[in-house]
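Reviewing the structure listed below.
The values are calculated or read from the model by the stated rules, or taken from the named source; none is laboratory data. Computed from a predicted structure; not experimentally measured. Note that we place each Cβ from the backbone using ideal geometry, even for glycine, and neighbour counts take in every protein chain shown. Heads up: the accessible areas ignore ligands, DNA and RNA and are worked out on the full protein's heavy atoms, side chains in. Shrake-Rupley method; radii C 1.70, N 1.55, O 1.52, S 1.80 Å.
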Amino acid sequence: MAGSKYAYVRNFELPDPLLPGTFLVFRLDGHSFHRFSTEHQFTKPNDVQALMLMDHAARDVMEEYKDIVLAFGESDEYSFLLRKSTSLYNRRESKICSTLTSYFTSCYVFHWKEYFPDSPLLYPPSFDGRIVLYPSSREIRDYFSWRQADTHINNLYNTIFWALVQQGGKTTTDAHAALRGTVSSQKHEMLFKSFGVNYNEIDARFRKGSILVRDIEDEPAPPELPEPTPASSTAGDQSISESTSAAEASHKPLKQKKNKAQPKAKTKINLLHCDIIKDEFWDARPHLLE
Ligand code: ATP
Ligand code: ATP
Ligand code: MG
Ligand code: MG
Ligand code: MG
Ligand code: MG
């Protein structure tokens, strides 16, 4: 297309490539969800429907972007791990970050009614997004350990805090004051002695967060078709079969060669609420850190 005399302004747009050969972690977080959760009357401390909606939107993102191998969610945030070899949008940072944030947000709104049939959206929610690069699997392990440890710390606090308010009749100010300076073991004890709650028996979804992992299925998939089909997933609740999506296909770099001879391993996305700090989860899935 011929350029107009104005086209030079394009030169002010700076390239923002992400360093090649590094892991990408994309994290998004709900904007002012303290207010959003209050106005939409989320159950405290944990609204299961709200968490399931987050999981659904995150799964949609993973279905659309096959280079995401793992995601971890808690509260109003989700982290996504993209393989270090990804060439998504030629690794342009703002393109990846803005598109993924926008897609997640759309999916959150799109599915809202399925999770909150009696509670219409009062205003449009938004999410912020960021991308952090990590050089090795060590930092990736530590990153996900950091988020899961955060889930634990927050959930323990929130569980006892809301027990003091909802069952103990304390004001929120008094409940905060009662917890000030307490360590983990004291919180466990307060919860058990005052409210008969064994923390370890609380739903693992709340204690461990949500893990969406792209697992390799046992049987190999049939050889790839010559043309990728547009999004045509017949996904069930717990697993989704692969098919290159229209959105991603249209952004594949042109030089990418087709791997016709070797059939790709079939994968499915599993939702778990398990420990990801210890080795077991990772040892069973060496492909995540390749
Ligand atoms: P910011 O815009 O800086 O992220 P924020 O108000 O979203 O501000 P966060 O630190 O992200 O603050 O915390 C999110 C808050 O949203 C939580 O503290 C909690 O009050 C609420 N929240 C999010 N998800 C749920 C849920 N499933 N059930 C109950 N409350 C939730
Ligand atoms: P990219 O993801 O790189 O932006 P794109 O397909 O969105 O790819 P654009 O250069 O942004 O490409 O162009 C948007 C295209 O969307 C237009 O070329 C046009 O075909 C279509 N389009 C957008 N808005 C309208 C509209 N109001 N009416 C008709 N077509 C539209
Ligand atoms: Mg925040
Ligand atoms: Mg937030
Ligand atoms: Mg948050
Ligand atoms: Mg466009």
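Could you tell me the calculated FRET efficiency between Lys170 and Leu121, based on Cβ-Cβ distance and R0 = 25 angstrom, to the nearest 0.05? Can you show the working numbers first?
On the way: r = 32 Å, r/R0 = 1.27.
Given R0 = 25 Å and the Cβ-Cβ separation, E is 0.20.
If the chain between Tyr157 and Asn270 were fully stretched, how many nm would it gain, using 0.36 nm times the residue separation less the Cα-Cα distance?
On the way: separation 113, 0.36 × 113 = 40.68 nm, distance 2.83 nm.
Going from the current span to full extension adds 37.9 nm.
Can you tell me how much longer the chain between Glu217 and Glu114 gets when fully stretched, taken as 0.36 nm per residue apart minus their C-alpha distance, in nm with one decimal? Don't skip to the end; give the middle numbers.
Values: separation 103, 0.36 × 103 = 37.08 nm, distance 2.89 nm.
Stretched fully, the Glu217-Glu114 segment lengthens by 34.2 nm.
Kindly provide the chymotrypsin sites (Phe, Trp or Tyr not before Pro) of segment 21-56 that DSSP labels as loop, not H, G, I, E or B, and whose Cβ sees at most 12 other Cβ atoms within 10 Å.
Details: sites: Phe23, Phe26, Phe33, Phe36, Phe42; in loops: Phe42.
For chymotrypsin sites (Phe, Trp or Tyr not before Pro) across segment 21-56 that sit outside H, G, I, E and B with at most 12 neighbouring Cβ atoms in 10 Å, the list is empty.
Leaving out ligands, DNA and RNA, and with a 1.4 Å probe, what % of the accessible surface on segment 48-123 is carbon or sulfur? Could the numbers behind the result be given before it?
Working: 1590 of 2900 Å².
Solvent-exposed carbon and sulfur of segment 48-123 make up 55 percent of the total.
Highest mean first, how do 132-138, 8-14, 269-275, 210-216 rank when packing is the count of other Cβ atoms within 10 Å averaged over residues?
Numbers: 132-138: 13.6, 8-14: 7.4, 269-275: 16.0, 210-216: 19.6.
Those peptides, ordered most packed to least, come out 210-216, 269-275, 132-138, 8-14.
Residue by residue through segment 30-46, what is 3J(HN,Hα) from phi via Karplus (6.51 cos²θ - 1.76 cosθ + 1.60, θ = phi - 60°)? Round to whole Hz and write x for glycine and proline.
My calculation for segment 30-46 gives x, 7, 6, 7, 4, 5, 4, 6, 5, 5, 9, 6, 4, 5, 9, x, 10 Hz in order.
Quick check: pseudo-label points 7 Å beyond the Cα along Cα→Cβ at Leu14 and Ala177, how many nm apart are they?
Output for this residue pair reads 5.1 nm.
Placing +1 at every Lys and Arg Cβ and -1 at every Asp and Glu Cβ, with all other atoms neutral, what dipole size does segment 54-194 have around its Cα centre, in debye to the nearest 20? Write out the running numbers ahead of the final one.
Working: 16 positive and 17 negative charges, 88 e Å.
For segment 54-194, the charge dipole is close to 420 debye.
Ordering His188, His40 by accessible area with a probe of 1.4 Å, largest first, what comes out? It would help to have the intermediate numbers written out before the result.
Numbers: His188 55, His40 5 Å².
Highest to lowest solvent-accessible surface, that is His188, His40.
Quick one: what are the phi-derived ³J(HN,Hα) couplings along segment 148-154, Karplus 6.51/-1.76/1.60 with θ = phi - 60°, whole Hz, x for glycine and proline?
Each residue's phi maps through the Karplus curve to give 6, 5, 4, 4, 4, 4, 5 Hz.
Can you tell me the length gained on complete extension of the stretch Met52 to Gln186, counting 0.36 nm per residue apart and subtracting the Cα distance? Each step should come with its number before you reach the end.
Details: separation 134, 0.36 × 134 = 48.24 nm, distance 3.04 nm.
Contour length minus Cα-Cα distance gives 45.2 nm.
Quick check: at a probe of 1.4 Å, how many percent of the accessible area of segment 126-219 sits on carbon and sulfur atoms?
Numbers: 2490 of 4990 Å².
On segment 126-219, the fraction of accessible area on carbon and sulfur atoms equals 50 percent.
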